[in-house]
Amino acid sequence: MLKYFFLIILCSVISFSQRDVKDFAIHLTAKIDSSNNYKIELNWQHDPQAIYYTVYRKGLNDKKFELVHEIDDNVDSFVDSSINFQKDRIYEYKVDKYGEWLNPNSNKEEDFMGWGYISVGIEYQQKQIFDKILLLVDEFIYGQLESEINAFKKDLIADRWDVLIKTVPREENFDFEKVSQTKELVLNVYETNPDLRTILVLGRVPIPFSGFYTPDGHAPDNRGAWPCDSYYADVDGIWSDDTISAFVPNFEWHTNTKGDGKFDNNFIPSDIEFEIARIDFFDLPFFEDDEITLFRKYFQKNSEQRHGRIDHPKEAIIDDGFEFAHNEMFASSPWMNFSAILGRESISYNIGMRSVLQERKFMLTSAIASGAISNIYLRAYAPDYAENNQYGIIGQFFGSYAIEWFTTNNMLRSALASQPSFLASYWGCRPYWYLHHMGLGKTIGYSYKLSHNNEGLYESNQDEDHLRQVHVTLQGDPTLRLFRNPPPQNVVAFYNPNAEPDRVRISWDRNSPNEKYFVYYSEHLDSTFRRLNTFPINDNEFFHFGVEQEAGHWFVSSLLLENVNSGSFWNESIGSWADVVSSIDEILFESYYDRFTNKLITDFKTGNEIRIFNSLGIEVVQGEVDSHGEFQINQNLPPGPYFIKSVNGAKHQFSKFMISL
């Protein structure tokens, strides 16, 4: 009998010792049961040491979770049929668990809790269109990159943002006067644009500092003031500068004294009103490219991702060097987020991220370990990111000193500067971030603001002392969405004032038979665009009536139903801008039609793609110009005027010809 007693104890110890940090997160997956009304089935990984689970639910904008069910059993699923679920809404779930484990740090049996969050949608479609974003650009960057910034602006418009651009003086050191001027500019913009949602800082816009603490625990080395772009995102909070006096000899930029312009606040004094992020390539000498070239490359890969041309599988990688070293269970943060967005089966864990990321593509990456300004030990090094391709899109980095994002060769900014695909990075785990809304097409800026303002609505194993601390910052593009599908191709707006003076015909090519479409219009590029069709259409043409002139701008976006780990949502692409073709267009030249040979003789170059439209704007022929500058029309076209669109890469040209009786 005694030997069986020892066997039970041994098995219990073995069971406790096999626990992993990822088990302190609940890896949620949602399935929709539509057989009889809608039911939502939540699934998670089995945890043999869990004793009970509790399920909560709330609407997207609700301020608290409501209890749905308590489960006094060790299970790994729950079906919610407690309400009448509807399409086109987001239902947000929190699941927590309680259990007991043998803590290797204390070698004692202790209680534990774990959490998981997921946003669930049933064919959810984003309703809000054309949110307002302010591009806050340092004057030097704008002077060097005006055309690239305007191209970026046009991409943002086609992605349904109203864009404001303001320039501010560049400042490479701390300057409170310039910080104050920048804040005043933001408040003035907000006064005339109360619907402002997001701020994107480009370049060395003056950096505010605040506080006297150390987020990575290295007191007294770097205990002091921290950069806090959230100061620009806070409209009504009180920021003081009359309490702290501390000199930090090893990291002098953290020094904070009374009246020096660096604020006292360790925590944001009120909720931030805006999402805010920064893209800044100043002082990255590990890279051969200069600051301006790095910006150009960033804008290029940003546009590629928006247009669905960065094709990364729905996979994530987590490399954790801390494991149980801290009771905060740092790696449970990316496990909680990444599993909710992509599913737990999509996550590769502790497989050597430093080398793997140079070979395999991932959407989400997390490197957690001790570190330095330019690295996360054994997992991510800024020189690697400068010298080799790194195949991620969003990078979470957590390690000592890596939070010093404004310093030379910092790891967070080096990720943004890398090629070919990183677009956002953040220093996570203190506090935890909550990204699960990105699973239904929300932006990372949405997740940043929600995480920064969190006062305890979202629980985890984090040390709550770090909630709302001023150091929380997002590097990269706050409008970034993970899931992208390509927009329609070859969009043409055809206007014939003689035959059809009151309408424009917009046509395009499909990418998929399952696509639906929205058409947008504005008379001026800087005016707010409006959606012309209330409901998405299935056809690949649309008639815009009541247009008296061809002046104007149109773009067309596609919608595909995206089935994801958290249900389904209608994923709307960036829009493709229409080429305006008109019978009164300024035509480059006239082409000649030989009715005896049925050939079109043009000045277009060999290899140009040719698309021919009749007077109604209907495409009738497509092909390529041959080596003689001729194009064989292999069908009989009726007499009348025709218009030619020639495509050579990104360059479009127009011509016309006539077929006579």
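The values are calculated or read from the model by the stated rules, or taken from the named source; none is laboratory data. The structure presented is a predicted model; accordingly, all values stated were derived computationally and were not measured. Quick reminder, even Gly has a Cβ in these numbers, built from the backbone with ideal geometry, and neighbours come from all protein chains shown. In case anyone asks, the SASA skips ligands and DNA or RNA and just uses the protein heavy atoms, side chains included. Shrake-Rupley method; radii C 1.70, N 1.55, O 1.52, S 1.80 Å.
Looking across the stretch 517-542, just one residue is open to solvent by less than 90 Å² (accessible area, probe 1.4 Å), among the β-branched types (Val, Ile, Thr) and modelled with pLDDT under 95, and that is Thr528.
Put simply, of Ile149, Ile157, Ile141 the only residue that is hydrophobic (A, V, I, L, M, F, W, C), touching a Leu at 6+ places or on another chain (Cβ under 6 Å), at pLDDT 95 or above and closer than 30 Å to Lys178 by Cα is Ile141. Can Phe338 be described as within 21 Å of the chain's Cα centre (by Cα) and in contact (Cβ under 8 Å) with a residue 12 or more places away in the chain? Answer is yes for this residue. Being modelled with pLDDT of 95 or more and either surrounded by fewer than 23 Cβ atoms within 10 Å (Cβ to Cβ) or touching a Phe, Trp or Tyr at 6+ places or on another chain (Cβ under 6 Å) (or both) is a property that holds for Arg481.
Within the stretch 383-433, which residues are touching a strand residue (DSSP E or B) at 6+ places or on another chain (Cβ under 6 Å), open to solvent by less than 10 Å² (accessible area, probe 1.4 Å), small (Gly, Ala, Ser) and in a loop (DSSP other than H, G, I, E, B)? Across the stretch 383-433, the qualifying residues are Gly392, Gly399, Ala402, Ser418, Gly428.
Taken as a whole, the condition of being touching an Asp or Glu at 6+ places or on another chain (Cβ under 6 Å) and open to solvent by less than 10 Å² (accessible area, probe 1.4 Å) applies to Ala367.
Just one of the numbered conditions (1) free of Cβ contacts under 8 Å to residues at least 60 places away in the same chain; (2) open to solvent by 10 Å² or more (accessible area, probe 1.4 Å) is not true of Asp271: (1). Selection of first residues in the stretch 504-531 that are under 20 Å from Val163 (Cα atoms) and of second residues that are of a type in the set (S, T, N, Q) and open to solvent by 70 Å² or more (accessible area, probe 1.4 Å), restricted to Cβ pairs under 8 Å at least 6 apart or on distinct chains, gives the following pairs, ordered by first then second residue: Ser522/Thr528. Restricting the stretch 77-90 to residues that are of a type outside the set (Lys, Arg) and in contact with an Asp or Glu (Cβ under 8 Å, 6 or more places away or on another chain), the residue that is least open to solvent (accessible area, probe 1.4 Å) is Asp80. Scanning the stretch 489-516 for residues that are part of a strand (DSSP E or B) and either at pLDDT below 85 or on the phi > 0 side of the Ramachandran plot (or both) yields Asn490, Phe494, Tyr495, Asn496, Glu500, Pro501, Asp502, Arg503. Looking for something over 30 Å from Ile40 (Cβ atoms) and among the polar types (S, T, N, Q) - is there at least one such residue anywhere in the stretch 119-129? No, the conditions are met nowhere in the stretch 119-129. Of the residues making up the stretch 344-356, one or more are free of Cβ contacts under 8 Å to residues at least 24 places away in the same chain and either assigned to a strand (DSSP E or B) or surrounded by fewer than 24 Cβ atoms within 10 Å (Cβ to Cβ) (or both).
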